[in-house]
Amino acid sequence: MDFTTLSPLFWLLVLVGVGAGFYHSLVDRPTGLRTASFALRILGIILLVLALCQPFAGDKTDEAHVVFLVDVSQSADLPSAKEALNQVDAGIKALRRHDTHSLFAVADGLREKPLEDFRTMLDAWMKGVADDAFRAHSRLGDSMLAARLAFPAGKARRLVLFSDGVDTEDGVDAALTQLKAEGVDVKFVPLKTLSQPEAVLLGVDSTSPFAFHGEVLRLTARAMANQPMNAKVRLLNKGVAVQEKTVALKPGEEAKVWFDTEMTTPGPSVWSTELIPDKDHFPINNQATTTITVRGKPRVLMLHEDEKKMRAFTRSLKEQDFDVDLRGKRGLPESMEELLAFDAIIIANLSATDMTPRQMTLLRSYVADFGGGLVMLGSENSFGLGGYYKTPVEEVLPLVSRFEKEKEKPSLAMVLVIDKSGSMEGTPIALARQAAKSAAELLGPQDQIAVIGFDSDAQVICEMTPASQQGTIQASIDSLAAGGGTYMYPGMVMGKEMLERTTAKVKHMICLTDGQTNEADHLGLTQQLVDGGVTVSTVGLGDGAARELLQQIAEAGRGRYYESNDPASLPQIFTKETTQASKSAVQEGLFQPIEITEHPMLAGYDADSLPVALGYVMTEAKPAAQVLLAAEHGDPLLAVGRFGLGIGLAYTSDITEVWGGEWLAWDGCGRFWAQVLRGALRKTDVEGLEARGTTRDGEWILGIERRGPDNAPVSLINWNAQVLDENGNTQDVKIRETGLGRYEARVPIGTRKHLSLRLHDKDHDKLEVKHYHAPYPAEYRLQSKAPESLLALTGYQPDQIVAGLKPAEQLKPIGHWFAWTALLSLLLGVMLRRV
C-alpha cells in the first residue's frame with residue numbers, strides 16, 4: 001500500500017483535542033463502554049485522514065497493451081510491409097476486451113496511423129507517391145525506445161517489430177537491453193528487403209588525401225548490387241567525366257574499380273565517382289565524392305566577360321609557373337570548396353550584377369576566414385563602374401568606389417522612377433530604398449537627384465535636390481512605401497518635367513518595375529526624353545516584369561536594360577548605373593606610375609621604369625590601405641590591404657589592350673605581375689599540422705596533431721577555428737587539447753551536406769582547411785544486415801498475441817474502503833455512548 005499525498009496527515013492534530021475531551025467528559029457511562037466508544041472515534045478520525053491521503057494498493061492483472069511497429073523505410077519491401085498489416089489486423093482481433101494496442105510506421109522516427117490509413121499510405125507509396133525524407137532512414141533503436149510512451153500504466157507490455165532489421169543508427173542492441181530491463185516483451189517479424197533491382201556506389205577511396213602536382217594517385221570506387229547486372233563507373237572532376245570503366249556486379253559482393261589519374265589541379269580538388277547500372281531503383285546512392293589537396297603551382301582564377309582579351313596576360317603568368325583558370329561571365333564558383341581550389345581570385349572585368357549576393361558573401365569569407373587573395377583590375381565593370389559600391393567585395397578591397405568628383409566633370413541630374421505597387425511589398429521595396437540611397441551617395445556635390453514612386457498614379461518621393469544635401473535625400477527616400485497598382489507612364493512624365501527644368505549637362509532616368517504596366521505611349525515619351533538630351537535605363541525585377549517593353553525603352557533611350565530575379569541585386573544595379581551615367585569615374589590619357597610606399601611586391605623595380613597606364617578607374621584608398629603606385633594626380637593605381645586572414649589587392653588600370661597595351665608590350669610584364677600576385681596568394685603553410693576526420697554519432701570529429709620544426713609536440717596552442725556549410729552559414733568551433741600536441745574538434749553535422757573547416761594556429765600562423773561531404777543515408781546501402789540480437793527474438797503468432805506475458809502490477813485506489821470503515825467506526829462509537 002502507498003499514498004498519493006501525505007499532506008492531510010496534519011489533521012491528526014485534532015486527536016489532541018479529542019483526547020482532552022475524553023478526560024474531562026461528564027458522560028456517566030461504564031468505563032469499558034466509554035473507553036471503547038472513544039477508541040472507535042479515534043480510529044474513525046485516523047481512517048478519514050488516511051482516506052484523504054488517497055491510498056492505493058498493488059494488484060496483479062493480465063490486461064495487456066501491444067505496440068505494433070511496421071518498418072516502411074526505403075530498404076524494406078513495401079508489399080511485405082503491407083502483408084505485415086494483415087498480421088497486425090489478426091493480432092488486434094485476437095485481443096481481449098480489456099486489452100489495447102497502438103500501431104506505428106517506423107522509418108526516420110515514428111508515425112502513429114490507424115490501420116486503414118496505414119494501408120492507404122502504403123498504396124500511395126507503391127504507386128510512386130513516396131515520402132523520401134521520412135523513409136530515408138531506419139532509426140529502429142530510437143523508435144523502439146520512443147514507442148514506450150504509448151504503453152499505459154498498469155498493463156502488461158509487448159512490442160512487435162515488423163522490419164528488415166536494417167538500423168542506420170546502430171541502436172538496436174542498446175534499445176533491446178533497456179526494454180528488457182523495463183519489462184517490455186519484444187517480438188520480431190522479419191520483412192523482405194527491397195525486391196526491385198538496385199545498385200549502390202558504396203564509396204570512393206584515395207591512396208592519399210594529399211598529392212604533389214603531376215603525381216598519379218589511385219582512386220578506388222566500391223560498388224554492389226542486389227541482382228546480377230552490368231554497370232559503368234565514371235570518374236568526374238569539375239563535373240566532367242575523365243575516365244569510364246565497365247564492371248559486372250554480383251549480388252552481395254563488393255566490386256572494386258580502380259582509376260589511376262594524374263593530379264594536375266593545384267589546391268583542394270573534388271573528385272566524384274558516378275555509377276550507371278543497367279537496372280536501378282534509387283538514383284541517390286549512385287555518387288560518392290572525395291577531396292584531394294594537390295600541392296604545386298600557385299593557382300588563380302581570372303574572370304573577364306570577354307575571355308580572349310585576357311589571353312595575352314594569362315600566357316605571361318603561365319610562363320611564370322602560375323596555373324591560371326580563365327573564365328567568362330558565369331565562371332565564379334558557387335561554393336566555398338570550389339573557391340578554395342584557388343590561391344587567388346582575379347576579377348578583371350566582371351560586373352557586380354553578374355554575381356549573386358551569395359557569391360559576393362562567399363568571396364568575402366574566402367578572404368577573411370580562409371586567407372584567400374582577391375584582386376580587382378580596372379575596367380568598365382570594376383569598382384564603382386561595376387556596381388561594387390557598399391558590397392561585400394568592396395569590403396575586402398583596399399579601395400572604395402566613392403571619390404571626390406572633379407569640378408570640371410559635367411554635372412548630372414538623375415531621376416529614379418521606382419515601382420511601389422503592392423507586389424513590391426516587403427523585401428523588394430526595402431532594397432529599392434537601399435538602392436536609391438546608394439545611388440545618391442555616389443553623386444558629386446554639383447549633381448542632383450529626384451525620386452518618383454508610382455503605383456496606379458505617380459508620387460514625388462524626393463524633389464530634384466542637390467546631392468550635397470544627403471540628409472534631406474535619405475530621409476525622403478525612407479518614405480517610399482508599397483501599395484496599389486502598376487502604371488509607370490505618369491512617373492516617367494513627372495520625371496521628364498523635372499529634368500526639363502534642370503541645367504545639368506548630363507540627364508539620366510532609371511525606371512524600375514516588377515510587373516506589367518498599364519498601356520500608354522512609353523516609347524513615344526522615351527523619344528521625347530532622348531530629344532531633350534536624357535538617357536533612359538530600365539530594370540526588370542522578377543519574371544512578371546514587362547521585359548519586352550523595358551528592353552525597348554532602354555534601347556530607344558540609349559541606356560541599358562537590367563534583368564534580375566533577386567531584389568538583393570538592386571543596389572548593385574543602381575550604383576553601377578549612377579557611376580556610368582555621371583561620366584566621372586574614368587581618367588584616360590598617359591599616366592606614369594609614381595611609387596608611394598615601399599613594399600616587397602615592388603622589390604627590384606623602379607616606378608619610373610614601369611610602363612605607363614592609358615587609363616584607370618578613379619577610387620579612394622581606405623585608411624588602412626597601402627597605396628603602392630599612384631597616378632600623377634595622386635589617384636591610386638596599385639594598392640594592397642589585409643582583410644581578416646587574407647589579402648585584398650586593387651589595380652585601377654587594366655592589363656588588356658584597352659589601357660594596358662604598354663604593359664603587354666613590356667618584356668618584364670609577366671615577372672612583375674607574378675611577383676605582385678604572389679604577395680596576395682592564399683598562404684598554405686601546413687607543415688607540422690595534420691588533421692584527420694571521422695564521423696560518429698552525428699558529429700564530424702577531427703583529430704589534430706601539431707608538431708614543431710624539431711618534430712616535438714606543440715601544446716597550449718591558441719586556435720581559431722570556424723566551419724562553413726553549403727549555405728554560407730558559419731559557426732565557431734572549439735578545439736580542445738586531448739594530449740601532448742594532440743587536439744580535437746567536434747562539429748555537429750545535422751542536415752548539412754558539405755562542410756569546410758578552417759583551422760588556424762594563430763601562434764605560428766599555420767592554416768589548414770578540411771572538407772566534409774555527407775554520404776547518402778545508410779538506408780540506401782546494400783551491406784547492412786539485421787543485428788543478431790533481433791534475429792534471436794521469438795516469433796509472433798497473432799492468435800497468441802498476449803500469450804506468455806507476465807501479469808502486470810496494477811495500482812488500484814482503496815481510499816473509499818478507508819472512508820466506509822471510518823464511517824462505521826464513528827457510528828459504532830456513537831452507539832456505545834447511547835446504548
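Values in this text are rule-based calculations from the coordinates and carry no lab data. All figures in this text were calculated on a predicted structure; none of them were measured in a lab. Cβ: placed from backbone, ideal geometry, glycine included. Neighbour counts: every protein chain shown.
Of the residues D514, D478, the one with the fewest other Cβ atoms within 10 Å heads the list, and the complete ranking is D478, D514. Quick one: net charge around A482, please, counting Lys, Arg +1 and Asp, Glu -1 for every other residue with C-beta under 15 Å from its C-beta. Counting the neighbours of A482, the net charge comes to -4.
Ranked by the mean number of other Cβ atoms within 10 Å per residue, highest first, peptides 192-198, 99-105 order as 99-105, 192-198.
A Cβ-based charge dipole, computed about the Cα centre of the stretch 412-582 with Lys and Arg at +1 and Asp and Glu at -1, lands at about 520 debye. For F282, the residues whose amide H sits under 5 Å from its own are A199, ignoring neighbours fewer than 5 places away on the same chain, with H placed 1.01 Å from N.
Exposure proxy for C669, C511: other Cβ atoms within 10 Å of each Cβ, ordered fewest to most, give C669, C511.
Distances between placed amide hydrogens fall under 5 Å for Q448 paired with L412, A413, M414, A467, all partners being 5 or more residues away or on another chain.
Within the straight-line cut-off of under 13 Å between alpha carbons, the aspartates and glutamates reachable from K245 are D260, E274, sequence neighbours fewer than 8 places apart in one chain being disregarded.
Counted by neighbouring Cβ atoms within 10 Å, the residues L43, L340, L416 run from fewest to most as L43, L340, L416.
Computed about its Cα centre, the charge dipole of the chain is approximately 3300 debye, with only Lys, Arg, Asp and Glu carrying charge at their Cβ. In terms of the mean number of neighbouring beta-carbon atoms within 10 Å, the peptides 346-352, 389-395, 483-489 order highest first as 346-352, 389-395, 483-489.
Residues with beta-carbon under 10 Å from that of A221, excluding A221: net charge, scoring Lys, Arg +1 and Asp, Glu -1? Residues near A221 contribute +2 overall. With a cut-off of 14 Å on the backbone N, the residues of the stretch 416-455 near the modelled label site 7 Å out from T502 along Cα-Cβ are 416-417, 439-452. In this structure the amide hydrogen of S102, modeled in the peptide plane, comes within under 5 Å of the amide hydrogens of V66, V67, F68, none closer than 5 places in sequence on its chain.
Panel note: the C-alpha atoms of the stretch 689-778, placed on their principal axes, show extents of 43, 25, 17 Å (largest first). Here the 3J(HN,Hα) profile of the stretch 170-180, calculated from phi with Karplus coefficients 6.51, -1.76 and 1.60 at θ = phi - 60°, is 6, x, 5, 4, 5, 5, 5, 4, 5, 5, 5 Hz, Gly and Pro shown as x. Rounded to the nearest whole Hz, the Karplus-based 3J(HN,Hα) values (6.51 cos²θ - 1.76 cosθ + 1.60, θ = phi - 60°) of the stretch 497-504 follow the sequence 5, 5, 5, 5, 8, 8, 10, 4, with x at glycine and proline. The C-alpha atoms of the chain define a longest principal axis, and helix 669-678 lies at about 30 degrees to it. Structure note, pairs K318/K762; K576/K734; K279/K753; K309/K576; K187/K279; K683/K753: Cα-Cα distances above 31 angstrom occur for K318/K762; K576/K734; K187/K279.
Each peptide in 258-270, 517-529 gets a packing score, the mean of other Cβ atoms within 10 Å over its residues, and the list from highest to lowest is 258-270, 517-529.
Built from the Cα atoms of the chain, the convex hull projects on average onto 56.7 nm², one quarter of its surface area. Over the chain, DSSP H runs of length four or greater, each weighted -39,500 (n - 2.57), average out per residue to a 222 nm ellipticity of -7500 deg cm²/dmol.
For the stretch 679-718, GluC sites (Glu not before Pro) meeting the loop criterion (DSSP other than H, G, I, E, B) and having at most 12 other Cβ atoms within 10 Å: E687.
Computed from label points 7 Å out along Cα-Cβ, the spacing between D732 and K806 is 5.3 nm.
Within the straight-line cut-off of under 13 Å between alpha carbons, the aspartates and glutamates reachable from K622 are E394, E395, D635, sequence neighbours fewer than 8 places apart in one chain being disregarded. Taking the Cα centre of the stretch 199-295 as origin and assigning +1 to Lys and Arg Cβ atoms and -1 to Asp and Glu Cβ atoms, the resulting dipole is close to 40 debye. Can you list the residues of the stretch 239-253 with backbone N under 16 Å from a point 7 Å past the Cα of K279, pointing along Cα to Cβ? Hits in the stretch 239-253 for K279 at 16 Å: 248-253.
Between the helical axis of 815-834 and the longest alpha-carbon principal axis of the chain there is an angle of about 40 degrees.
A simple spin-label model places the labels of W666 and S195 7.7 nm from each other, with each point 7 Å out along Cα-to-Cβ. Within the stretch 63-195, antiparallel bridges make up roughly 20 percent of the DSSP beta bridges whose residues both belong there. Using alpha carbons only, how many degrees (0 to 90, rounded to 10) separate the axis of helix 357-368 from the longest principal axis of the chain? That works out to roughly 90 degrees. Most simply put, the chain has about 60% antiparallel DSSP beta bridges, counting only bridges with both residues inside it.
The stretch 373-463 has equivalent-ellipsoid semi-axes of 28, 19, 9 Å, by the square roots of 5 times the alpha carbon gyration tensor eigenvalues, sorted largest first.
With both labels modelled 7 Å from their Cα along Cα-to-Cβ, the H816 to A248 distance reads 7.9 nm.
Across the stretch 191-206, computed HN-Hα scalar couplings (Karplus, 6.51 cos²θ - 1.76 cosθ + 1.60, θ = phi - 60°) run 9, 5, 7, 3, 8, 5, x, 8, 10, 9, 9, 6, x, 10, 10, 10 Hz from first to last residue, x flagging Gly and Pro. Across the stretch 689-778, the relative contact order, built from alpha-carbon pairs under 8 Å that are at least six residues apart, equals 28 percent. Each Lys or Arg adds one and each Asp or Glu takes one away; over the other residues whose Cβ falls under 13 Å from the Cβ of M360, this sums to -2.
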